[in-house]
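*Asks:* Next up is a structure, given as structure tokens.
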Amino acid sequence: MHATLPGVRGRAPGYDGARLALVAALAAALVGLGCERIVQSTLHEPPTAQVGGAKAGISLKRAIERCAGGDAGACSQACDGGHVMSCARRATGMFHEDQTVRADKLTAACEAGEGAACLKAGQMYEHGDGVTADEPRATVLYEKGCRADVLAACRHLGMALAAKTSDAVAQEKARSVFLQACRSSDPDSCEQAATMLVRGIGGRPDLDRGAALLLRGCSLGAPSACVTLAEWHAAGKPVRKDPERAVLLLEQACGMNHVEACLTAATWLERGAHEAPVDAARAVRLLEQACDHGDATGCKRAGLASEAGVGGTTSRP
């Protein structure tokens, strides 16, 4: 019996290939969202017709089994035979390879100098993703990835070392790693390094350098770095008080889809908080940005301002 998804016939003579492609795309989307069980529940056991001709000698059932085990070639064969789930797996690359085997392969690739593999293997061991959690092993893998110039591996290495709060040597190394990654333009590492410098973690405090690193992280695209530096300038600690600069930094973070920065800057400009200049029109523009980012509070406040004619705005749809 050729049964796949409800309303879709199996690959019988005259089968509509376009329909298979459409359903396979839907299945792939569901698999990508983690809903594979939903797809599987709609699929029935396919027939064991030969795939690829007599010479191939592989039944459709066997091809499906091999696909589920992580054989990309078998996924292609099973998909050509009309098996929607195999098409989905081929499209998403989500093969069900044993995680231990995958970790071993990634570790071997890491040893061979593939930095990205070091990062992936490290994440598996750090979080116990299909393998026994092993933080020391994860740290070693991250360090190898960092040496291969994978900035995310450096960042993870720094975080792993920084977590060892009672180990002064680890803290010093974490600071050094974050500084190195920041120099290589990793924005999150700039923020982490700035925090350690300002608080004197892993070495002597250096407020000026910490502020400079936050500014670098902000410029590289880390909105939280912009927000932190804005808060410092608003409070006048540990940098000089500069309300206008604080608002500009919040506006920069707002432009990076940081909704809280939009709302905070708008509030300061509405009320003159932290000695910021009162500027209703500017505040409304920030609220509208928050709304554009999908924030209900921003939409409501922008709408109320519009109705009141604040800032010279017009009603938003």
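The values are calculated or read from the model by the stated rules, or taken from the named source; none is laboratory data. This one's a predicted model, so the numbers in the text were calculated from it and none came from an experiment. We place every Cβ from the backbone using ideal geometry, glycine too, and count neighbours over all the protein chains shown.
*Asks:* Taking residue 227 as the residue in question, decide whether it is modelled with pLDDT under 95, of a type in the set (A, V, I, L, M) and in a helix (DSSP H, G or I).
*Replies:* Against the criterion (modelled with pLDDT under 95, of a type in the set (A, V, I, L, M) and in a helix (DSSP H, G or I)), residue 227 does not qualify.
*Asks:* Right, another one. Can residue 224 be described as surrounded by fewer than 22 Cβ atoms within 10 Å (Cβ to Cβ), within 30 Å of residue 288 (Cβ to Cβ) and of a type in the set (Ser, Thr, Tyr)?
*Replies:* Taking the combined requirement at face value, the residue satisfies it.
*Asks:* Is it true that residue 275 is surrounded by fewer than 21 Cβ atoms within 10 Å (Cβ to Cβ) and modelled with pLDDT of 95 or more?
*Replies:* no
*Asks:* Further, regarding this structure: Looking only at the range 258-300, count how many residues are within 30 Å of the chain's Cα centre (by Cα), on the phi < 0 side of the Ramachandran plot and not in a helix (DSSP H, G or I).
*Replies:* Final tally of qualifying residues: 3.
*Asks:* Can you give me the number of residues within the range 251-268 that are farther than 16 Å from residue 297 by Cβ and surrounded by 19 or more Cβ atoms within 10 Å (Cβ to Cβ)?
*Replies:* Of the residues in the range 251-268, 3 are farther than 16 Å from residue 297 by Cβ and surrounded by 19 or more Cβ atoms within 10 Å (Cβ to Cβ).
*Asks:* Could you check, for the range 278-295, whether at least one of its residues is under 18 Å from residue 191 (Cα atoms) and free of Cβ contacts under 8 Å to residues at least 60 places away in the same chain?
*Replies:* no
*Asks:* State yes or no: is residue 245 touching a Ser or Thr at 6+ places or on another chain (Cβ under 9 Å), in contact (Cβ under 8 Å) with a residue 12 or more places away in the chain, part of a helix (DSSP H, G or I) and not aliphatic (A, V, I, L, M)?
*Replies:* Details: touching a Ser or Thr at 6+ places or on another chain (Cβ under 9 Å): no; in contact (Cβ under 8 Å) with a residue 12 or more places away in the chain: yes; part of a helix (DSSP H, G or I): yes; not aliphatic (A, V, I, L, M): yes.
Judged against the criteria, residue 245 is not a match.
*Asks:* Quick test for you: out of 135, 172, pick the one residue that is in contact with a Gly (Cβ under 6 Å, 6 or more places away or on another chain) and among the acidic types (Asp, Glu).
*Replies:* 172
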